[in-house]
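Q: The structure that follows is given in the form of structure tokens.
The values are calculated or read from the model by the stated rules, or taken from the named source; none is laboratory data. Please read these numbers as outputs of a predicted model, since none were measured by experiment. Here the Cβ is made from the backbone with ideal geometry for all residues, glycine too, and neighbour counts use every protein chain on show.
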Amino acid sequence: MNQRQYTASVQDMLRNLENVFKNQTGAPQTGPYSKEGLILRTDNIIFRQAGDWRGQQVQVLSPLEELELIDELCIYLQEQKHEYVRYRVFETLFSTARDNALEYRREILCRLVSLGVASKSAAVLECAALWMKSCEKEHASYLASALVTDYCTLQRNGVAELKSCCNVSSRFCCVFMIAVTSKYNMLVKNNADEHESEKASWPCAALLDVVQSWLMFDPALCFCTATQMDKLWRTVLKATQSMLDSLSLTPLDGLARWCVKSLFAPTTVNKTTSTQPRDEQPPESSETLHYQELHSRLHYAFLKALLASKPALKAIAKGSVLGNPDLQLWNKTEVHTLIGDLMALCDHSDLTPQSSSSEQAAVDRFAQIAQIAMSMRVLNCTKDQFQSLSDPLPKTRLLELVAYGPKRRNSSEETPMETGY
Amino acid sequence: MHASNTKVLIDEKAKSKQINATSKLGAQQMVHWFVASSYASSSFTEERVKNSVALLHRVPSARNAVLHRFTMLYEEAIRASLDQMEFPTTAIGLSSEMTSSLELVTTTLFDLLNENGEAWASILCSWSVESLGQISSCYKQRQVIPPPTNLSRLLSFWLNLVPMRMLLDVYRTSLNILIQCNVASCLDSLLSASSNHSPYFDWVVADIGNAFPNAVIERVLNTGFSKFCKLRWTSISITPSSSITMNESEQSILTSVIRILEHLATFHQTQICEKMLEMFKTPPADKSTGQIKIVFFLMRVFSASIQLLHATTNLFVNEINATTLNQLHKQFKRLSKGPEEMESLCSLVVHLVCQSSTGSYSLVNLMIAAASHDSQKIGGLEKSVKDIFSNILPSILKDLQHLALSKQSEDKETNNVFFELSNNYPNLCKDIITTSSDERKKWLHSVLLSVCLNHHASHVLSHLLIESTTAAHLEIFLKLFNDVKPFVPELTEKIVIRSFTAIKQMPGEKSLRLLINLYHLTSQTGSGLVSDNFVTRMTHCLCIVLDELVSMLGHLSSSQQIAFNAVQLLYIILSSVSSYKIKLDMRLMPLTQTLVFYFYKLLHTGHVNNDQAMQCCQRTLVQLSQTPELFAVVCRFVLEASVSQENSILFGRRVESNFSENESHSSQDLCTDHHVSLLSMHRKLSAQTISRRCSSVAGFVPISIETGMVGSGPKQKKKCPISKVAQTSNNESLSLLLYRCCCKTTSGTDISHFSIPDVAQAFDAVKLSVLSTSLLSAIMASSPYLATAITLDGEPEWPSNQVKKFTIERDLKVFHFMDEHPFAWQLLSLVAHNYRSLWNLSPILRSCISVLIFHFEASRYNEPPSETSLHYQVALQVIQIARKGQLIPPPLCFVNELFHIVTEYEINVLMVVVWNFIKDYPPPLEGENNEVPVTRNFEAEGINLQPYLATIHTILHANIDKLGHMFSRFTMQS
């Protein structure tokens, strides 16, 4: 099959799909030879995955055809100006609700989004963001890790490519952050011999670099899923809200975890990042930064991001986010889990950690985050509740200050908030 | 020079600009370009390749497509190279553009690996190995490429092809990185490529294996094992993990693992074996079932690869002990899903054992030991484990037997399970003989049976036959024999021949065992395991080795036991096989000679007539001399031997005393002997004589003359070195032997309980006449004097009484001979049953009578002779024989009754009467019809006895006081 034929058939197919959704907006079709039939043909023609038995996942698209396909899809999505139709076509192609050739389609999706990143295609990234937000966590983190592999480990200039994405689609960046923070949860596995999995739960330096640079660039990035909730998103997310295992609304919880726990990063992660040969081009200063430096930058950026949470809280309060005005951006359960993780990481032997140890630094960071979060009302929690929550943690001066406050300043609780402004 | 340098620099700049120019394009545009160029007609221009490289750097999602493109570039380059090889005149080979493109691509890939090896290695590794596979199988049809069977040529061919070499280098480098980073899955791609593109891909496997033998072996085994575990012990409901693709099955995994290992085995066999052993010894983390899983895996590997099985059998057998087995069994119980699994495991074990080669003996031995609870080899085994072995073992043995049968017709292979088993058959035989456990015996029996069916029947059975020492052992032999017999033609012959060939190299007791066992086998009949047919067959087979038996019997170094058993066997053969079958006509001489030699050996060693050995020997000789012709031979040998130098002393021949036992003594004291005074000796002797005789003969002084060389002492008296008792016994043995030979009914009787009546009817007349001639010729042969003496006047007719003066010397010799060979009297008495035969021997009687006449004529004692004196005894015997042989008729033949009463001179007179009668009335010659009457009818011959009786009557008258009562005896009843 030459280029034209396959491209033409893909184009043809896309046009058909488009028509279906366009018409559906007007008069929803009910005939049997409509959407379902079309979807089946989609799998056949676009992905060449005939039938629906699972055992037969033979790749029949050549690598070149795959490339043509994602190229064609990229062009189509960019050209499709109707946002709803664009997403419906995208969703139809890569739906995780359909079992047929799921893994292969997901693979193509990864390539497509990767190409979207490379070509700065807002349309592709927006669709991907909504797709990630609306499907199960597993698929979202698969896509995220594929992108991390492509741009953070394999490609030479990949970090720069990703960094510049926040100019293209902030919502994509936000959802990507949610996905990576949930994937790299920094949990320490008990069986130390599983070297691989330990490494896998910690983000690589390049990824940290990307995230911190995004947050530095736009602290409000964290909340753009809440603040930029438009009609399409609301519709789609409402439909999939009932799904149990989806990504959270904002990356706040995950980022807080990263900030606090990064100090305990295993040496293997540190080492590999520091020894990675990057001597060829050092155009950006962050490239040469060490893991812990990246983390303190991230911590700083996160604190800034917390301070920028007001619009999001307003939007929630207005009820424009999923119609739930009581939505918690960072709830107590998540804080509790974080404290538990922190305790697991800390050495239990001494309750007052030595100064400049990673335990103290971690507790201090937690105290800072908690203080700002509470003062910004991101974390809705009374003093007493926080005291009981943080009680098991090793005590540091800062945590004591945050939890109990200095006696003389007891009257003016609002002081930290004012420092934020 | 300088100018050109700058030009190069400018070119470089231009190039880098160009690259930069493309890289400044948008990602999508680059993709468009790339797609378009891929479909373009002449695909690989340098610019396009550069663009591809740029795309690879820029757009990660285009990675697969670009790499695919690179594969095609390599493929194209290889095609060009192959074309040039095949058609050197027309094809141009690699263009410079193609070369530089290739270099660009290869350097790009190497740059990626150098810069960020950890990330790229796995991608490039799987890509390059798949490309290698594709290209290898893509050009499989090309004629220049060596066939995949010739791996070394194929390998060197591809390695000399530059593009292929480049690709392989990429693969090697990335694999090296992966191995250094300790990535467990680094060989998965090699495995799958190997299963997809074999056998055209094998050269890659071989090359990689040689480059990283340890790593490859370890990974291949580990990867294979983990996949095997997952497929086998992960329940289907769980979605298969990502490391296993859907189309992988246990079999395909094993196949690819084995294919790689077998390639490696040519050069790295020991490493593979060690690695496998290490896997076995250090089971994976899963403590509860880890080891049994390994065992399952390894067994499957072995079942698919005979080569590996053969290489490792010994290693593993050494590792297995009771503790291991117990532990494995525990783990198996934990893992097992049901009896089907056990069954399949068992059949796998059976298969493996049947396929094994080196080490098969120790393997089988181990299994038997385990099944029979042999505490020495493998102690402390749990009962359940033992039961498993007991269950497996019968099917193994059955399969082995089937295998042996199916391979029976084929040529001997050196590389199958029987090779080592067969080599170890002596050990197996030893085991089966020594073991006390019935169970074990049964299994060993089956193993031996299969070894037998595999060309080694005669070896095994003969070994058993030689090694057996008890009846129980022989039972083992017979059982095995009965089982093997239907499958092996002419088994008995083979066993017998093999046994007799084998014992030549063995110590004497083995020969003895063999003979004893053979005797047992052939002599017992009607017992449960031995069919009559077997015995006859065995006996017939023994004919083949008759010569060996004879030589064993005749060999000087053979022990008496051996000889005894050999004779027993000979007897069995002779008594049950027809002489035609034995080819007796050819073998008679050596056979008889040996038997006779043995007979005299027995006599020399002091055997008496009642000894078992002696009886057996006699029985055999009797058996041999069934017909007169055969008897003639036997008789001749026996008698000739009896008069020979060394044997005749057995019967009383006197020899110089330096042959006697005091030879050493006399030789020591030779000097003292020299000084013995003859005179004093003489005086001493004559004094003795006088004191003895003077009482009866007054006034007579006998003169005894001692002869001898003056100065060398007295003449030594000749003396027989054998004691009197022994002499008697020897004589008796010899004569009894001949008596028995001459009997009419001799076959099939136990001669020890068979008494021979001394009547003519009991003996075969023809044999008697044969005996007579033989005896005569033996006597003639005994010394030159006798030879001439008897043949000088060989006429049977007796001369007149006066003529005997001329023959006195000869007569004395004969007399002397008869004295030294008392058995001759017995034989004469035997022959006397047939008077015609006795007549043949009449010269002997004649000489004896002649000597007696001379002796008694010269005697001057007026009293009867001493009853112990030699001449008196001989006289009695002569008369008795003459009577028995009907040379003299009744009244005349009673003269011997007078001998102890009348004086010696009167005896002389009587003897002369007898002489005259025999001279006057010799027995009649054959009648017209050649028929010889059994008894001589003196009356019919019309003999007038009166003149002879007159002389007797005179003597009776002279001694009427003493002989009065005898008178009536000597009157003719008319």
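Q: If I ask for residues that are in contact (Cβ under 8 Å) with a residue 24 or more places away in the chain, assigned to a loop (DSSP other than H, G, I, E, B) and under 30 Å from A:LYS314 (Cβ atoms), which ones from the stretch A:372-402 would you list?
A: Of everything in the stretch A:372-402, those that are in contact (Cβ under 8 Å) with a residue 24 or more places away in the chain, assigned to a loop (DSSP other than H, G, I, E, B) and under 30 Å from A:LYS314 (Cβ atoms) turn out to be A:MET376, A:ARG377, A:VAL378, A:LEU379, A:ASN380, A:CYS381.
Q: List the helices (runs of 4 or more DSSP H) that sit entirely inside the stretch B:533-621 and contain at least 3 residues that are surrounded by 16 or more Cβ atoms within 10 Å (Cβ to Cβ). Even if it seems obvious, please write down each step before you answer.
A: Values: elements: B:546-554, B:560-576, B:579-582, B:584-604.
Qualifying helices (runs of 4 or more DSSP H): B:546-554, B:560-576, B:584-604.
Q: Of the residues A:ALA97, A:ALA140, which is in a loop (DSSP other than H, G, I, E, B), more than 12 Å from chain B (Cβ to nearest Cβ) and over 23 Å from B:VAL66 (Cβ atoms)?
A: A:ALA97
Q: Given the criterion in a loop (DSSP other than H, G, I, E, B), at pLDDT below 85, surrounded by fewer than 16 Cβ atoms within 10 Å (Cβ to Cβ) and away from chain B (no Cβ under 13 Å), identify the matching residue among A:GLY51, A:GLY37, A:GLY55.
A: Details: A:GLY37 fails: in a loop (DSSP other than H, G, I, E, B); A:GLY55 fails: away from chain B (no Cβ under 13 Å).
A:GLY51 is the lone residue from the list that is in a loop (DSSP other than H, G, I, E, B), at pLDDT below 85, surrounded by fewer than 16 Cβ atoms within 10 Å (Cβ to Cβ) and away from chain B (no Cβ under 13 Å).
Q: Quick one: B:PRO146 ticks every box in (1) in contact with a helix residue (DSSP H, G or I) (Cβ under 7 Å, 6 or more places away or on another chain); (2) in a helix (DSSP H, G or I); (3) not hydrophobic (A, V, I, L, M, F, W, C) bar one, so which box is it?
A: With (1) in contact with a helix residue (DSSP H, G or I) (Cβ under 7 Å, 6 or more places away or on another chain); (2) in a helix (DSSP H, G or I); (3) not hydrophobic (A, V, I, L, M, F, W, C) applied to B:PRO146, the lone miss is (2).
Q: Considering each of B:VAL53, B:VAL31, B:VAL35, B:VAL59 in turn, give the residue that is at pLDDT below 90, over 60 Å from the mean Cα position of the chain (by Cα), surrounded by 17 or more Cβ atoms within 10 Å (Cβ to Cβ) and more than 11 Å from chain A (Cβ to nearest Cβ).
A: Values: B:VAL31 fails: more than 11 Å from chain A (Cβ to nearest Cβ); B:VAL35 fails: more than 11 Å from chain A (Cβ to nearest Cβ); B:VAL59 fails: more than 11 Å from chain A (Cβ to nearest Cβ).
Among B:VAL53, B:VAL31, B:VAL35, B:VAL59, only B:VAL53 is at pLDDT below 90, over 60 Å from the mean Cα position of the chain (by Cα), surrounded by 17 or more Cβ atoms within 10 Å (Cβ to Cβ) and more than 11 Å from chain A (Cβ to nearest Cβ).
Q: Related question: How about the stretch B:94-126: which of its residues are small (Gly, Ala, Ser) and within 14 Å of another protein chain (Cβ to nearest Cβ)?
A: First pass over the stretch B:94-126, keeping only residues small (Gly, Ala, Ser): B:95-96, B:100-101, B:117, B:119, B:121-122, B:126.
Correct list: B:GLY117, B:ALA119, B:ALA121, B:SER122, B:SER126.
Q: Another question, if that's okay. Could you count how many residues in the stretch B:383-436 are surrounded by 13 or more Cβ atoms within 10 Å (Cβ to Cβ), modelled with pLDDT under 80 and among the small types (Gly, Ala, Ser)?
A: Residues in the stretch B:383-436 being surrounded by 13 or more Cβ atoms within 10 Å (Cβ to Cβ), modelled with pLDDT under 80 and among the small types (Gly, Ala, Ser): 2 in total.
Q: Consider A:SER248 against the criteria (1) assigned to a helix (DSSP H, G or I); (2) surrounded by 14 or more Cβ atoms within 10 Å (Cβ to Cβ); (3) out of contact with any His (no Cβ under 6 Å at 6 or more places or on another chain): it satisfies all of them except one. Which criterion is unmet?
A: With respect to (1) assigned to a helix (DSSP H, G or I); (2) surrounded by 14 or more Cβ atoms within 10 Å (Cβ to Cβ); (3) out of contact with any His (no Cβ under 6 Å at 6 or more places or on another chain), A:SER248 is out only on (1).
Q: Let me ask another. When you scan the stretch B:181-189, do you find a residue that is under 17 Å from B:LEU221 (Cβ atoms), outside any helix (DSSP H, G or I) and of a type in the set (A, V, I, L, M), even just one? Break it down into steps so the answer makes sense when it comes.
A: From the stretch B:181-189, those under 17 Å from B:LEU221 (Cβ atoms) are B:182-189; that's our starting set.
Those left that are additionally outside any helix (DSSP H, G or I): B:182-183.
Then drop every residue that is not of a type in the set (A, V, I, L, M), which leaves B:183.
So far as the stretch B:181-189 goes, yes, one or more of its residues are under 17 Å from B:LEU221 (Cβ atoms), outside any helix (DSSP H, G or I) and of a type in the set (A, V, I, L, M).
Q: Of the numbered conditions (1) among the basic types (Lys, Arg); (2) under 20 Å from A:GLU103 (Cβ atoms); (3) within 13 Å of chain B (Cβ to nearest Cβ), A:LYS120 satisfies every one except a single condition; which is it?
A: Going through (1) among the basic types (Lys, Arg); (2) under 20 Å from A:GLU103 (Cβ atoms); (3) within 13 Å of chain B (Cβ to nearest Cβ) one by one, A:LYS120 breaks only (2).
Q: What's the number of the condition B:THR313 fails, among (1) in contact with a strand residue (DSSP E or B) (Cβ under 8 Å, 6 or more places away or on another chain); (2) surrounded by 20 or more Cβ atoms within 10 Å (Cβ to Cβ); (3) within 21 Å of B:GLU382 (Cβ to Cβ)?
A: Of the numbered conditions (1) in contact with a strand residue (DSSP E or B) (Cβ under 8 Å, 6 or more places away or on another chain); (2) surrounded by 20 or more Cβ atoms within 10 Å (Cβ to Cβ); (3) within 21 Å of B:GLU382 (Cβ to Cβ), the odd one out for B:THR313 is (3).
Q: Quick check on the stretch A:143-150. Is at least one of its residues surrounded by fewer than 24 Cβ atoms within 10 Å (Cβ to Cβ) and acidic (Asp, Glu)?
A: no
Q: If B:GLU926 satisfies all but one of (1) at pLDDT 80 or above; (2) surrounded by fewer than 19 Cβ atoms within 10 Å (Cβ to Cβ); (3) assigned to a loop (DSSP other than H, G, I, E, B), what's the number of the condition it fails?
A: (1) is the only condition that B:GLU926 fails.
Q: Just to be sure I understand, how many residues within the stretch A:128-145 are farther than 17 Å from A:ARG98 by Cβ and not aliphatic (A, V, I, L, M)?
A: Final tally of qualifying residues: 4.
Q: Right, next: Looking only at the stretch B:132-150, decide whether some residue is touching a residue at least 12 places away in the same chain (Cβ under 8 Å), within 14 Å of chain A (Cβ to nearest Cβ) and more than 25 Å from B:LEU191 (Cα to Cα).
A: No, every residue in the stretch B:132-150 fails to be touching a residue at least 12 places away in the same chain (Cβ under 8 Å), within 14 Å of chain A (Cβ to nearest Cβ) and more than 25 Å from B:LEU191 (Cα to Cα).
Q: Output yes when any residue across the stretch A:165-173 is modelled with pLDDT under 85 and among the small types (Gly, Ala, Ser), and no when none is. Outline the logic, then answer.
A: Start the filter on the stretch A:165-173 by keeping residues that are modelled with pLDDT under 85, which leaves none.
Among the residues of the stretch A:165-173, not one is modelled with pLDDT under 85 and among the small types (Gly, Ala, Ser), which makes the answer no.
Q: Would you check which residues across the stretch B:934-974 are in contact with a Phe, Trp or Tyr (Cβ under 9 Å, 6 or more places away or on another chain), assigned to a loop (DSSP other than H, G, I, E, B) and hydroxyl-bearing (Ser, Thr, Tyr) and list them?
A: The one that is in contact with a Phe, Trp or Tyr (Cβ under 9 Å, 6 or more places away or on another chain), assigned to a loop (DSSP other than H, G, I, E, B) and hydroxyl-bearing (Ser, Thr, Tyr): B:THR935.
Q: For the condition hydrophobic (A, V, I, L, M, F, W, C) and more than 38 Å from the chain's Cα centre (by Cα), what is the one hit in B:PHE637, B:PHE631, B:PHE651, B:PHE599?
A: Values: B:PHE637 fails: more than 38 Å from the chain's Cα centre (by Cα); B:PHE631 fails: more than 38 Å from the chain's Cα centre (by Cα); B:PHE599 fails: more than 38 Å from the chain's Cα centre (by Cα).
Just a single option satisfies the conditions, and that option is B:PHE651.
Q: Among the residues of the stretch A:58-94, count how many are more than 10 Å from chain B (Cβ to nearest Cβ) and assigned to a helix (DSSP H, G or I).
A: Qualifying residue count, the stretch A:58-94: 17.
Q: B:GLN134: in a loop (DSSP other than H, G, I, E, B) and out of contact with any strand residue (DSSP E or B) (no Cβ under 7 Å at 6 or more places or on another chain), yes or no? Spell out the reasoning first.
A: Numbers: in a loop (DSSP other than H, G, I, E, B): no; out of contact with any strand residue (DSSP E or B) (no Cβ under 7 Å at 6 or more places or on another chain): yes.
It is false that B:GLN134 is in a loop (DSSP other than H, G, I, E, B) and out of contact with any strand residue (DSSP E or B) (no Cβ under 7 Å at 6 or more places or on another chain).
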